[in-house]
Structure formats: structure tokens, C-alpha cells
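Have a look at the structure below, then the notes.
The values are calculated or read from the model by the stated rules, or taken from the named source; none is laboratory data. Note that the structure is predicted; figures quoted are calculated from it, not measured. Every residue, glycine as well, gets a Cβ built from its backbone with ideal geometry; the counts of neighbours run over all protein chains shown. Heavy atoms of the whole protein, side chains included, go into the accessibility calculation; ligands, DNA and RNA do not. Shrake-Rupley method; radii C 1.70, N 1.55, O 1.52, S 1.80 Å.
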Amino acid sequence: MKIFLFKFLNAYTLTTVFVLISSAASAQSAQFEYDLKITADPSKRAAYLKQSGEAPSPYEQVFNLVKGSMQVATVIDKVDLRKDQYHINSTGTLGAVLATALNDQKLIRDSVGTNSPQGLLTNTYQEKRGNTELLIAKVDAPKNVVNFYKVSSRSPAVGSAPYTGKLLDMLTVGYQFIGKDLPTKSIVLPVTDGRSVKNYTLVRGESWEFPFDSGKVKAIRYYKTTSKDDSATFEVWFSEKEHVPLRSVIGLNAQYGATIQVDLKKIPAL
């Protein structure tokens, strides 16, 4: 569905992560696992579709199957962070009941690019939601432009968008601060979802003793600013020590009538 990532995230992101953090000679590995929960009001989405005349996407059926609040999926991100490159592969798997109802559809994402002192710089981002077409975003760095494709990057581009500074995607946005300082002020992040580029402003909020894994972990909240053109809300809690996302909460635009929450199960040794 249109935002089911940043949303079946954007989801920011965050379900199981396999991170390989490398030194000049070798790489270390760790795995993060997240649960994804949806709180939905199907009547709001049905009313919007009727008014707008839009057709729901195949993945959107998940909202109609959720009654109130429900854990619906697990997302596993396998992340390789090497000396100067990275590769992140992510698979979102629905729970048993929803998988049966929706023919075991999956959310599959993949990102490759450069691991630099400034963070992870996207080169190619791919996303496939269930039986929808594969979306591909490829960066033309010298021109500061992202080209968008469907099915194959060897076919003609279906669109493009400029960006300023470094470009992130729906996978890299959650892992920018591992091994780096958390921002002390608001930051603007250009992010692509395979269809377009949007600038997200993240504001540093309060710190909190976060209830986590039968204990408490110190974490800092960052939240996205909203506007008339982008009313979706987003917040993420980063652990103060490891700088990994403990929880992400995404309030989708009013026409979806849903909120997505993603919770890390356990902090691995990094």
C-alpha cells in the first residue's frame, strides 16, 4: 500500500536486524528482532476510498483484518556494515492467521551503498510489497538525482527526483547512528521509499527510562514534524548506549485510520 512501509515501518523502521559492523580487517555480527503491531479503524479507510474513488492495494487488506490493536508481523533486517560499504536486506513476514488470509504475502526491501564517516549513503534501494511490482530507486550521485524504476532498472525510468546532501532510504534511516553520536539538534533527512524523495525533519525530544526486555533502558525520543501536505506522524526511541531503535510509532495519514508500532525484542551485543 502506498505507505505501508513507512509504515509497514517507515515502520521506522524496525523489526529484526542483522548487523555486521566491520573494522578494517574483519566484521562483527548481531541480530535485532522486532514485533510489528497495528491499531486500525477499517471504517475510516473504507469511507476515504469511497469518497476518493481509489482502489485498495492487495497489502491493504491487512487493515480490514485487524480488530482494534493486533500484532501482525515480524520484520527481519540483515545488515552488513563494512569498512566502506553496506548492504541491508529486510523481510517482513505476516503472522500465521494473516499470512493464510493474504496468501503469505511479504514485504521485501533491500538497500546497498556507501558506509562513510557521514553515515550510510544510499546507492540503490528496492522494495516489493506482496504481489505488487518491484520498486527500484537508483542514485545518480554526481547529479544529486534519484531515478525510479519498476520491475527492472534496465527498463526506462518512470520518474526522478532531486535531493540535497546525503540520501537515505526506508532501511538506512534507522541505523544511521550506530557507532556515531546521536544528534543534539533537529536534523533534516532526505529519504526515498522507491517512489519519491521526502525531507523528514527529526526533532530531538525527551529522554526516558524505557521499559524493555523485562527491565529498563535509557532512550531518547526523536519525532518527525508534520505539515499540511504531510500529516503522517512518526517517532523513534534510540537507546542512549547503542543508538539502536527500541520503538518506532507511525501514525498514518487520516485516510488510513491506522497506527503502526514496531518494538525491538532484545538488544544484541554489538
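Quick notes on this one:
- Computed from the C-beta positions of Lys216 and Val145, the FRET efficiency with R₀ = 41 Å rounds to 0.35.
- Sulfur and carbon atoms: percent of accessible area, region 145-203 [1.4 Å]: 51
- Evaluated at q = 0.15 Å⁻¹, a Debye calculation over the C-alpha positions of region 149-270 (equal weights, vacuum) places log10 I(q)/I(0) at -0.79.
- Within the straight-line cut-off of under 22 Å between alpha carbons, the lysines reachable from Lys143 are Lys166, Lys198, sequence neighbours fewer than 8 places apart in one chain being disregarded.
- Distance from region 148-182 to region 187-234 (C-alpha centre basis), Å: 17
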